[in-house]
1. Evaluate the distance, in nm, between pseudo-label points positioned 7 Å from the Cα of Glu54 and of Val119 along their respective Cα→Cβ axes.
2. How would Leu2, Leu34, Leu127 line up from fewest to most surrounding beta-carbon atoms within 10 angstrom?
3. Could you name the lysines in cross-link range of Lys103, using Cα to Cα under 20 Å and dropping any fewer than eight places away on the same chain?
4. Between region 1-40 and region 74-132, what's the alpha-carbon centroid distance in Å?
Amino acid sequence: MLLMTSIIASVLTIIFIKLSFAVIGLRRKNKVGLGSGGHDDLERAIRAQGNFAEYVPFGIILIACLELNGAPWLLVAIPGIALIIGRLIHAKGINTPPPDFSKRVLGMKFTFYTLIALVALNLGWALYALVG
């Protein structure tokens, strides 16, 4: 069972839905059907949603692989929580006018370091399982 992955993926999906509703709301407000129409707030919302959609699937896949391969729940939960935190910080940084680049950078550091850690954990756990 993928209990930890289910919880982490559910929380991330709630965040994605919130980001999507922000885009939809700004499109309606600004009467823009495609693109940002030159509206900075809409452009930020679009990029926050897009960036989320670009990075989160890799994290969820790696978290699921780790859990499926029998890693202890803490090795699954900690990177999952870090990914959630990183994505929240990034979304807050990109959506706060003017964009708060320090929060964006911190959010991306959390995301990249988490993805790198997940790669290392998956490779390490697979090697451990093969040898042990």
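Where a number appears in this text, it was derived from the coordinates with a stated rule and is not lab data. This structure is a prediction, so every number in the text was calculated from the model and none was measured. Neighbour counts are summed over all protein chains in view; Cβ atoms, including those assigned to glycine, are modelled from backbone coordinates with ideal geometry.
1. 1.6 nm
2. Values: Leu2 15, Leu34 6, Leu127 10.
Least to most surrounded, the residues fall as Leu34, Leu127, Leu2.
3. Hits, sequence-local ones excluded: Lys18, Lys92.
4. The two parts, judged by their Cα centres, are 19 Å apart.
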